[in-house]
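The values are calculated or read from the model by the stated rules, or taken from the named source; none is laboratory data. Computed from a prediction, not measured in an experiment: that's the story for all the values here. Positions of Cβ are generated from backbone atoms using ideal geometry, with glycine treated the same way; all protein chains shown enter the neighbour counts.
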Amino acid sequence: MDARIGDISRPGRLAEPDEGIGLEELALAARNHGLPLEAMRCDLTPAGLHYVLIHYDIPAADADAWELTVRGRVRTPLTLDMETLRSFPATTQRVTMECAGNGRALLSPRPVSQPWLVEGVGCAEWTGVPLRTLLAEAGVERDAVEAVFTGADHGVERGIEQDYQRSLPLPVATGGDPEVLVAYEMNGHPLPPQHGHPLRLIVPGWYGMAHVKWLRDISLTDTPFTGFQQAVAYRYRQSADDPGEPVTRIAPRALMIPPGFPDFMSRTRVVRPGQVRLEGRAWSGRAPVTGVEVSTDDGRSWTGTELAPPDGHDWAWRRWQASWTATPGSHVLSVRAADADGHTQPLAQPWNRGGFANNLVQRISVLCPRDD
Ligand SMILES: Nc1nc2c(c(=O)[nH]1)N[C@H]1C(S)=C(S)[C@@H](COP(=O)(O)O)O[C@H]1N2
Ligand SMILES: [Mo]
């Protein structure tokens, strides 16, 4: 019998009301790991602790043989090897990257996909050539409207065979605010295989899907790109036939380093009675974070925290801290951020079919045993 690629692909779906995480979601979760939340102690996430999200496989990549092509609506098509890319003036940017699907597994109904709780995030320093330097070198034609970025990885998604591809509108690609990078270093070292070795795009302030890894081609087009990751995936849809709006910049979120120590299976935290330091990180890809509040009574009351002053890294998370006097009993701790554009984090889930950009406040269960 004839086999077709469509036969192995399932449409996007929502979990049944009492359906647990299945083996397919476990397979994704085992490949795509999250940030251990205690790693938020560090301003910069060590590469091995940064979250990872890969749709298909990590492609074989040899930096010595790598070539990036820049073509399409340009006056001079370019083919650049790593040595040439490294010869352009480099820029380093500290960027908090977050998967658009972060928080998805906590939604009800649950979109079936990579089942993040809240840990699909990390903050690193990325070094590379500003994208606009390369576009200026190639000379963008007047009729170009988008730049399409293609990775070297290949797969099938909902029946459609594809290279991983995403586009940016030309004003974002060339604007310089944020400075989009064609990056070859993470935290001062060549990119690790899982983060796009040897070359990736960095789009500060945007959700992860825009930061194309294993970047091998940039094509300037005179029509908007309609590939799968642009027109089908990564859109805010309420129903399967809703065309939806594209997912772009990161909504504000604050996370707390779970205090005390964990129970192995439940991950419930145990703290001793008395003063407990609460701390974590807050970020937004839309506007600077202006305030972070904590609640120690499951969201009934909120108090301000001490937020680290702006340090010039506009697209990186900032540390916040607060003090809490733990009393014997069970507690639920929460934290929420607000940004300068008035965006905040909701207490009720912001739901869409992909589970994208849902920044529902974090809840941490804490047990404070009686001292006896
Ligand atoms: N080529 C390619 N680029 C990609 C992806 C991918 O599967 N292939 N995944 C995207 C998604 S969905 C996210 S969230 C980020 C994750 O980047 P990281 O693994 O370096 O944290 O990479 C993006 N870039
Ligand atoms: Mo993602």
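With respect to residue 165, is the statement that it is at pLDDT 95 or above, outside any strand (DSSP E or B) and within 16 Å of ligand 2 (Cβ to nearest atom) true? So residue 165 does not fit the description; no. Here is a check on your reading of the model: is residue 246 closer than 30 Å to residue 44 by Cα and either modelled with pLDDT under 95 or not hydrophobic (A, V, I, L, M, F, W, C) (or both)? The answer is yes for residue 246. Got a number for residues in the range 14-38 being touching a residue at least 24 places away in the same chain (Cβ under 8 Å), within 30 Å of residue 125 (Cβ to Cβ) and part of a helix (DSSP H, G or I)? Looking only at that region, the number is 4.
Between 200, 166, which is touching a helix residue (DSSP H, G or I) at 6+ places or on another chain (Cβ under 8 Å), of a type outside the set (Asp, Glu) and closer than 25 Å to residue 286 by Cβ? Before you say what the answer is, go through the steps one by one.
Details: 200 fails: touching a helix residue (DSSP H, G or I) at 6+ places or on another chain (Cβ under 8 Å).
It is 166.
Consider the range 30-62 and keep the residues that are within 16 Å of ligand 1 (Cβ to nearest atom) and charged (D, E, K, R). The one that is surrounded by the fewest Cβ atoms within 10 Å (Cβ to Cβ) is 57. Among the residues in the range 188-201, are any in contact with a Phe, Trp or Tyr (Cβ under 8 Å, 6 or more places away or on another chain), on the phi > 0 side of the Ramachandran plot and within 9 Å of ligand 1 (Cβ to nearest atom)? Yes - at least one qualifying residue is present in the range 188-201.
Summed over the range 283-325, the residues that are assigned to a loop (DSSP other than H, G, I, E, B), among the aliphatic types (A, V, I, L, M) and buried (at least 17 other Cβ atoms within 10 Å of the Cβ) give a count of 1. Screening the candidates 140, 74, 112 for the property of being away from ligand 1 (no atom under 14 Å from the Cβ), closer than 23 Å to residue 56 by Cβ, assigned by TED's automatic domain parsing to the domain that holds residue 158 and not aromatic (Phe, Trp, Tyr) yields one hit, 112.
When you check residue 53 against the structure, is it within 30 Å of residue 262 (Cβ to Cβ), assigned to a helix (DSSP H, G or I) and outside the structural domain of residue 352 (by TED's automatic domain parsing), yes or no? The answer is no for residue 53.
Can you confirm whether residue 338 is over 24 Å from residue 120 (Cα atoms), surrounded by 15 or more Cβ atoms within 10 Å (Cβ to Cβ) and modelled with pLDDT of 95 or more? Taking the combined requirement at face value, the residue does not satisfy it. Within the range 85-116, being polar (S, T, N, Q), within 16 Å of ligand 2 (Cβ to nearest atom) and in contact with a Leu (Cβ under 9 Å, 6 or more places away or on another chain) holds for 102, 113, 114.
For residues that are within 13 Å of ligand 2 (Cβ to nearest atom) and among the small types (Gly, Ala, Ser), scanning just the range 197-228, find the one that is nearest to residue 46 (Cα to Cα). Please lay out each step first, then the result.
So in the range 197-228, the residues within 13 Å of ligand 2 (Cβ to nearest atom) come out as 203, 206-213.
Adding the requirement that they be among the small types (Gly, Ala, Ser) leaves 208, 210.
Details: 208: 17, 210: 21 Å.
Of everything passing the filter in the range 197-228, 208 is nearest to residue 46 (Cα to Cα).
For the range 345-359, the condition of being outside the structural domain of residue 179 (by TED's automatic domain parsing) and assigned to a strand (DSSP E or B) holds for none of the residues. For the range 167-183, the condition holds for at least one residue, the condition being that it is in contact (Cβ under 8 Å) with a residue 12 or more places away in the chain, surrounded by 20 or more Cβ atoms within 10 Å (Cβ to Cβ), under 20 Å from the mean Cα position of the chain (by Cα) and farther than 18 Å from residue 249 by Cα. The strands (runs of 3 or more DSSP E) falling completely within the range 63-124 that include 2 or more residues that are at pLDDT 95 or above, in contact with a strand residue (DSSP E or B) (Cβ under 7 Å, 6 or more places away or on another chain) and crowded, with 19+ Cβ neighbours inside 10 Å map to 67-72, 91-98.
Out of 251, 233, 240, 210, one residue alone is under 17 Å from the mean Cα position of the chain (by Cα), more than 22 Å from residue 150 (Cβ to Cβ) and either away from ligand 1 (no atom under 16 Å from the Cβ) or buried (at least 18 other Cβ atoms within 10 Å of the Cβ) (or both). It is 251.
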